[in-house]
Amino acid sequence: MMQLTLDQATGLCRMAALGAGANEEAAQSLTASIIAAEAEGLSTVGLSHFIDYLEALEAGRIDGNADPVITRPALAVYHSDARGGLAHTGFDRTIDDLVKAAKLFGVSIFSQKNAYTCGALGYFTGRLAEQRLVSFAATNGPAVLAGSGSVKPVFCTNPMSFASPAADGPPLVIDQSSSATAFVNIRKAAEDGKKIPEGWALDASGNPTTDPAAAMKGAMLAFGGQRGANIALMVEVLAAGISGANWSLDAPWFTGGPDSPGTGLFVLAIEPKLLDPDFEQRMKDQLDRLRRRYGVHIPGRSRAEAAEKAKARGITTSRAVVQRISEFAERYSA
């Protein structure tokens with residue numbers, strides 16, 4: 001294992017992204033999201049997942065020089081065509097206007113098509129919570145998840161995220177997939193030679209399996225059975241249907257081939273103070289009551305605590321991961 005300061009990790013990732021073919025804007029946009037995930041303890045979508053982005057840039061699945069086209073079909077609605085680039089760049093260009101529109105009109109929407117998969121979805125909602133907005137996000141990707149009544153993949157894990165500010169403390173940030181687990185967890189289990197729990201996946205013949213390699217050739221399962229599959233369908237409509245992005249069934253695989261998965265992203269931002277000026281204090285009081293009196297886990301607190309520790313102590317990651325990232329960074333240095 002290796003210890004890196006956040007500045008060291010940021011510099012390394014930026015150079016690696018540039019070495020893989022990203023322009024400066026894309027490199028900075030992607031690096032910020034990866035370092036945030038790693039600092040918050042989300043290692044499966046942190047530095048190890050960054051290698052997927054680097055290899056996708058190298059292979060052309062991500063256009064590192066894509067110039068997103070952002071239009072405004074209504075005063076509070078922003079539509080981005082990522083044009084085969086990153087999901088993060090169009091959002092970064094729009095976030096200030098998205099926040100202003102939400103504060104003015106009460107709500108605003110960001111919808112995007114033709115992007116690579118976005119990694120940690122809570123990164124998007126969490127940033128809006130920092131701007132004192134309540135937000136909901138949904139995204140899709142290549143099909144890996146069986147739908148209700150099917151045994152073949154028809155949806156991605158189709159994650160969703162919700163975030164809300166609270167007075168004098170970290171925001172509430174919920175970030176979860178529609179599947180019983182994230183795809184990266186099954187892939188990691190396969191790499192480590194470990195079994196996966198029952199109820200996570202089916203093999204290629206539609207039979208339940210605890211073998212991650214078989215699961216990757218079959219289909220993942222939704223959480224909660226039919227209800228979870230229905231939520232995956234809802235996410236699909238919001239992320240891909242509204243935006244004009246690829247349906248998961250039509251999205252090329254994100255770790256192979258030359259084509260972008262062309263996925264979608266939906267973000268809704270809400271100004272709560274227009275309805276309740278005391279919202280943030282009431283939110284804090286409610287979260288404190290749930291946590292202290294009833295033992296409820298409040299998503300987002302541990303992420304915020306981990307990020308604070310990372311600022312002081314840095315991050316610890318696999319030497320092999322750092323070595324692979326460094327190979328791309330050396331191309332830029334050369």
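The values are calculated or read from the model by the stated rules, or taken from the named source; none is laboratory data. On a predicted model such as this, the values are computed, not experimentally measured, just so you know. Cβ sites come from the backbone with ideal geometry, for glycine too, and all protein chains shown count toward neighbours. For the accessible areas, the whole protein counts, side chains as well, though only heavy atoms, and no ligand, DNA or RNA atoms are used. Shrake-Rupley method; radii C 1.70, N 1.55, O 1.52, S 1.80 Å.
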Bins of 10 Å, starting at 0 and running to the largest distance - Cα pair percent for segment 156-286: 12, 30, 30, 18, 9, 1
Size-normalised alpha-carbon gyration radius of the chain, reference 2.2 N^0.38 Å: 0.98
Whole-angstrom gap from segment 278-311 to segment 207-231, using each part's C-alpha centre: 31 Å
Residues whose placed amide H lies under 5 Å from that of residue 78, excluding near-sequence neighbours: 109, 110, 111
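Would you work out the charge dipole size for the chain about its Cα centre, treating the Cβ of every Lys and Arg as +1 and the Cβ of every Asp and Glu as -1, and quote it to the nearest 20 debye?
Roughly 760 debye, rounded to the nearest 20.
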In the chain, lysine pairs with alpha-carbon atoms under 19 angstrom apart (chain gap of 8 or more, or interchain): 7
Net lengthening on full extension, residue 217/residue 69 (0.36 nm per residue, minus Cα-Cα): 49.7 nm
Portion, in percent, of the accessible area of segment 1-147 that falls on carbon or sulfur, probe 1.4 Å: 52 percent
Nearest-20 debye value, segment 171-277 charge dipole, Cβ charges on Lys, Arg, Asp, Glu: 180 debye
Shape metrics for segment 88-167, restricted to C-alpha atoms - Rg then Dmax, Å: 14.8, 46
Accessible area per residue, Å², segment 180-221 with all protein chains present, probe 1.4 Å: 54 Å²
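How big is the shadow of the Cα convex hull of segment 123-233, averaged over all directions, in nm²?
Working: hull surface 29.9 nm².
Directional mean of the projected Cα hull area for segment 123-233 stands at 7.5 nm².
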Among 233-239, 140-146, the order from most to least packed when residues are scored by Cβ within 10 Å on average: 140-146, 233-239
For segment 279-329, fraction of C-alpha pairs farther apart than 18 Å, in %: 58 percent
Span from the segment 18-74 Cα centroid across to the segment 150-174 one, whole angstrom: 20 Å
Computed magnitude of the charge dipole of segment 180-221 (debye, nearest 20; Cβ of K, R +1, Cβ of D, E -1): 80 debye
Ranked packing of 13-22, 105-114, most packed first, by mean Cβ within 10 Å: 13-22, 105-114
